[in-house]
Every structure is written in C-alpha cells, then in structure tokens.
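The values are calculated or read from the model by the stated rules, or taken from the named source; none is laboratory data. Just so you know, these numbers come straight off a predicted model, no measurement behind them. Every residue, glycine as well, gets a Cβ built from its backbone with ideal geometry; the counts of neighbours run over all protein chains shown. Note: areas computed on protein heavy atoms with side chains; ligands, DNA, RNA excluded. Shrake-Rupley method; radii C 1.70, N 1.55, O 1.52, S 1.80 Å.
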Amino acid sequence: MGMLKAIVIDVGWGDSILLESRNNNGDTFFALIDSNDTTYLRSSYVFLKRYFEKKSIDIENNKPNFEYVFLSHGHSDHGKGLKRILRDFGAQCFFYPKSTNWSSMSHLIQFCNHSSNVLHHQSIDNSKILPALGDADIDVLWPTHNSINTGNENNNSIVLSFKLNNVSFCFTGDAEDEVWNSISNNIPSSTHFFKVPHHGSVNGSLDQNGDPSWLDDCPQNAYLGISSHIRPHNHPHQEVINLFKQRNRKSFRTDENYHLTFETDGVGTTVQYSHV
Amino acid sequence: MKQVNETLKSIEIPVLLDDFKDFDDLKMSRFTYYTIECDELSLGWELELEKIRIPVCLIGLSAIVWRPIDEKLHEFTNPQLIDDLFNAIEEKENLFIEFEEIWIPNYIFSKFSKNRGDVFRLKLDLFNYAFRYQSGKLEMEEYITGVDRFINDIKFSEAETDAFRNWSNEQVSVAKELYPKNKELEIEWR
C-alpha cells in the first residue's frame, strides 16, 4: 500500500518540510521543501540526518537521497542551509520559481550549475508536469508560466499539491492574497493537509478586507499546519489563529507542537505532534 | 596593537537586502551576508591573539566575507571578483560559501535605498550589534532603539549592488545555457 508523509520540521523560525512517499512496491522516495538553517542552528540538517540514519540510509553512498528539493521562493528564510543539504544529501532535481532578483539565492543556482550532487535544476511553474514522487502525483498550482511578481517575492512562491489516490497535501510557501485570488478555487477538494501560507501571517491568509483568502476553498476537515516565525515577525498572527478557531479548523503550529507529521495511505490521514 | 585596531575599524561588511519589510508591527528588513564555511576538521591554521600565536586544527569554520581575495581591493566592484572568491574558496573540497542573515531597522538604511538586492556596507560595530540581535542576545525593542548610535556606520554601495546583481543574472544565464543539465530529468510541459 502506498504512503505519503509530510513532516513540517520545527526549524525555529522559517520553513522546512520533508516529504516521504512509499509506492506499492515498498520503494521510498524523499523530497524537501525549503530550509532555514544557520551555521549554528542547523535544525533542518540535523533532523534530516537523524531521520535518514534511523532508516539505516547511508547518506553518503545513497546520493542523491532526494528526488526533489524545492526552494519555494527567493527569500533567505526559505533557502538558508539548502546548499549544505544539497551538497551532503544530493538531489536528482532542484526546483525553484522564476524571480527578477535572485541576489541571496543566486549562489544556490551557481552551486547547482557545477555540482555533481545535483543532477538537474530548473525553474518550474504551472506549465510544467513533474514526475510523481513515488505514487504521489505532483501538481504545480502556482506560479503561472512567464509571470514574475516584481513587487513581492512572496507571490512568486511555488504552490504544490501532492496527491496519493484520494488524498492531497498542499504546500504554499509564502504565497499571499494576490496568489489566492487567482488559485484558491484550485485547492483540491481532496485536500487533507494544507500548509498555511507565510507562517500564518495576515498577509498569507486574509485579503485586504480582512476576509479569508483561501480558507473557504480548503476542505473543512483538512489539517492546517503552520511553520511559525515568531522572531521577529510574530507569525502566526493572532487574527489568523482566531479565524481558524472560529471556523473550527484543526490547526497545528511548530512553535507549540514541534515537528508536525501528516501521513496518508491515500484514504485517511493522521497527524502526529507534540505539546510545549 | 594599534595597527590591528585600525584594521578592525576599517572593516565594512557587505550585506544584501533580501526583503524590505514596512509594517506597523515590523519596520526592520532582512539582509544577507556571505560566509566561508567548513564542516570538517581542517589543518594548518594558526590562531593569533595579542600576545600569542598558536597552531590549531579547526573543527568547523564560519568566517564572514568582507572583501575580495585580492588584498588591494576592499569592495566587490565587478562580478568577476565575486566569481574569483567562489572559485578560490570552493576549489578546496572542504570549504564552501554560504550566507547568513541579519535584520536592520529601516530608519538606518532606507534613506539611501530599499530595493531588493541593494548592497550596503556596515562598519563592524553596527554589524556586531545586529549580529547580537540575530543571536538572541538583544530583544527587538532594545535593538531598534540602541542601533541608533550606529546610524552613521552604514553606506549604500552602488558599485557592489550592480556587481552582485549582474553576478546573480550571470548564474541564471549559465543555468539556461546548461539546460537541460540532465536530459533524462528534463521536465515536460503541459
């Protein structure tokens, strides 16, 4: 039986999500979305290392360990530490969105241009068809082809849907209201897990009128996962948390629940988390 | 001793504006700076303090980049200097260049410019103060207020802004020229 697991890693402040997919043959495939490691706080790297070690995967000799590594968008709190991870774990493909100004992230592209640890890299958008991760189909919901947001890098965020049989998991980067205006009705009705955009900020979940920008299109029973960013942003914002409570939504946040694990067999979905 | 102090005073760290934030509850922006990293044991180093010099083996390294490899130059005024740095450092198998981030209150720099990718130069005292906030040794209010005394320790570096921007574009161009890096992994279109 196939399996899809998403672990929203508690990296302190920022985003890092490990995906594990097992197909019906029992083969396992891994993907990673973002990292926010610093030199001294390598939360993502250490988590990945321990996770692979526990599975008796020889990281060095099993390279590339990731089928896909995604950089959701070109902000440093999503890309810090990715180079070390790409170098040490290896990736078949490194995907990122187009951006007008790479600045902080261009060293990742420079690395991928010449590194044998990354076999292929390119920008992706909703015109691209990504091969499945194991038995989980991947759909790129955003950005659109050849559209680059020049004013707000958050709105260049790659929005992804992974679907195993009847269950979808959605990953949203820091996409804000402008993106949800365009695609919230594309959120699959089969969504069981939705990563709350932009660390639970008001910009990621409410429109300019203070109304929900994507919540009404996200199935009522979907788990909502928040990768917190308390310092200095104070994300998630209390207004967003209050909204989720008012709507009886099941939400979890890394600053209170540590690593969040959502797992599906393509029929039902379970969640594992801790308490502060 | 005096000469060392003078050297320290002259150091300015180049930082790149990553994300300009201007909200009611956050008027600070995120900047990145480059570091030279090493995760492994490396030999052949010397630690030089005021009175002693001692050979050491380093376990790990994180060193902030502040100038090109050519010691006569103090700024990365063209993309080639950035390339030279990356090539020189990363040809050593155990060394690589990464980046870290700091936050700087908008009132310190925004009078100069506030475009993503802009490069500023911070004197060491300002950088150190920002680093202390990033490290959690200062609370935000204390930091935003206290950094005022370093208000003259920052300058906009137009030449380096152009250099880093052009270098970034070059990396994307190289990626496009290489495409597909692996034909078998090339992504299909709808």
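What list of ³J(HN,Hα) couplings, whole Hz, do you get for segment B:157-172 from phi and the Karplus terms 6.51, -1.76, 1.60, once you set θ to phi - 60° and write x for glycine and proline?
10, 5, 4, 6, 4, 5, 5, 5, 5, 5, 5, 4, 4, 5, 5, 5
For A:Gly90, enumerate residues with amide H under 5 Å from its amide H, sequence gap 5+ or separate chain, H modeled in the peptide plane.
For A:Gly90, the qualifying residues are A:Asn65.
Identify the residues of segment A:28-42 with backbone N under 16 Å of a label point that sits 7 angstrom from the Cα of B:Ser135 along the Cα-to-Cβ direction, or state none.
Those under the cut-off are A:38-42.
Which whole number in µm²/s is D for the protein assembly as shown by Stokes-Einstein, with the Kirkwood Rh taken over Cα pairs at 20 °C and 1.002 mPa s?
Estimated diffusion coefficient is 93 µm²/s.
Short version: ³J(HN,Hα) in whole Hz for each residue of segment A:213-221, in order, from phi by Karplus 6.51 cos²θ - 1.76 cosθ + 1.60 (θ = phi - 60°), x for Gly and Pro, what are they?
8, 9, 4, 5, 9, 9, x, 4, 8
Where both residues lie in chain A, what percent of DSSP beta bridges are antiparallel, nearest 5?
60 percent
What average count of beta carbons from other chains do you get within 10 Å of the Cβ of residues in B:16-23? Could the numbers behind the result be given before it?
Details: counts 5, 3, 11, 9, 0, 2, 0, 4.
Whole-number average of other-chain Cβ neighbours for B:16-23 is 4.
Set the Förster radius R0 to 41 Å, insert the Cβ-Cβ distance between B:Leu26 and A:Asp88 as r into 1/(1 + (r/R0)^6), and round the FRET efficiency to 0.05.
That gives a FRET efficiency of 0.75.
So how far apart, in nm, are the two label points at A:Lys128 and A:Glu178 if each is 7 Å from Cα heading toward Cβ?
A separation of 2.1 nm, rounded to one decimal place.
By accessible area of protein heavy atoms, probe 1.4 Å, what ranking do B:Tyr107, B:Tyr34 get, highest first?
B:Tyr107, B:Tyr34
Over what distance in Å are the Cα centres of segment A:199-227 and segment B:1-72 separated?
Comparing the Cα centres of segment A:199-227 and segment B:1-72, I get a distance of 40 Å.
Under 1.5 on a/c is rounded, so check that first for chain A, then, if it is not, pick prolate when a/b is larger than b/c and oblate when it is not; a ≥ b ≥ c are the square roots of the alpha carbon gyration tensor eigenvalues.
rounded
Using only Cα atoms, locate the centre of segment A:113-152 and the centre of segment B:105-161, then give the distance between them in Å, rounded to an integer.
34 Å
Which of the three applies to segment A:65-216, rounded, prolate or oblate, going by the alpha-carbon gyration tensor with a ≥ b ≥ c and a/c under 1.5 meaning rounded?
Working: a/c = 2.01, a/b = 1.33, b/c = 1.51.
Taking the square roots of the gyration eigenvalues as a ≥ b ≥ c, segment A:65-216 is oblate.
Just to check, using Stokes-Einstein with a Kirkwood Rh over alpha carbon pairs, what's the diffusion coefficient of segment B:1-108 at 37 °C and 0.692 mPa s in µm²/s? Can you show the working numbers first?
Numbers: Rh = 16.4 Å.
Taking Rh from Cα pairs, D becomes 201 µm²/s.
Determine the relative contact order of chain A: mean sequence separation of Cα pairs under 8 Å and six or more apart, normalised by residue count, in whole percent.
After rounding, I find 18 percent.
Just B:Ile104, B:Ile151, B:Ile52 to compare: in a GNM of chain B, with alpha carbon springs under 10 Å, which one fluctuates most?
B:Ile52
Report, by chain and number, residues whose modeled amide H sits under 5 Å from the one on A:Thr39, excluding near sequence neighbours (fewer than 5 apart, same chain).
Amide H neighbours of A:Thr39: none.
What FRET efficiency would be calculated for the residue pair B:Glu40, A:Lys250, taking the C-beta separation as r and a Förster radius of 41 Å, to the nearest 0.05?
On the way: r = 44 Å, r/R0 = 1.07.
So the FRET efficiency works out to roughly 0.40.
In nm, to one decimal, how far is the modelled label at B:Glu71 from the one at A:Asn209, with both set 7 Å along Cα→Cβ?
6.6 nm
Counting pairs of Cα atoms in segment A:70-151, how many percent are more than 20 Å apart?
Details: 1170 of 3321 pairs.
Considering segment A:70-151, 35 percent of its Cα-Cα pairs are separated by more than 20 Å.
Considering all alpha-carbon pairs of chain B, what whole percent are spaced by more than 21 angstrom?
Roughly 60 percent, rounded to a whole number.
Mind counting lysine pairs for me in chain A? Cα separation below 14 Å, and the two need to be 8 or more apart along the chain or on different chains.
5
Give me Rg/Rg_expected for segment A:229-268, where Rg uses Cα atoms only and Rg_expected = 2.2 N^0.38 Å with N residues.
Scaled against compact globular proteins, the figure is 1.43.
Taking the Cα centre of segment A:1-52 as the origin, how large is its charge dipole in debye, to the nearest 20, when only Lys and Arg (+1) and Asp and Glu (-1) carry charge on their Cβ atoms?
Value, rounded to 20: 180 debye.
If I take the Cα coordinates of segment A:193-276 and project them onto the principal axes, what are the three extents in Å, biggest first?
Computed over the Cα atoms, the extents are 38, 29, 18 Å.
Can you compute 3J(HN,Hα) from phi for each residue in segment A:197-208, using the Karplus curve 6.51 cos²θ - 1.76 cosθ + 1.60 with θ = phi - 60°, rounded to whole Hz and x for Gly and Pro?
3J(HN,Hα) across segment A:197-208, in whole Hz: x, 6, 6, x, 6, 4, 4, x, 10, 10, 8, 5.
Cross-link candidates for B:Lys123: which lysines have Cα within less than 22 Å, leaving aside residues fewer than 8 places away along the same chain?
B:Lys2, B:Lys9, B:Lys27, B:Lys72, B:Lys111, B:Lys114, B:Lys137, B:Lys155
Using the Kyte-Doolittle scale, find the helices of chain A whose mean hydropathy is at least 0.5 and whose Cα atoms extend 24 Å or more along the helix's long axis, counting only whole DSSP H runs.
none
Rounded to the nearest 0.05, what FRET efficiency is calculated for B:Asn169 and A:Met1 with R0 set to 45 Å and r the Cβ-Cβ distance?
It comes to 0.40.
For segment B:65-142, build the convex hull from the C-alpha positions and give me its volume per residue in Å³. Write down the numbers at each step before the final one.
Details: hull volume 9.9 nm³, N = 78.
Cα-based convex hull of segment B:65-142, divided per residue, equals 128 Å³.
Please report the relative contact order for chain B, taking Cα pairs under 8 Å with a sequence separation of at least 6, and give it as a percent rounded to a whole number.
Result for chain B is 25 percent.
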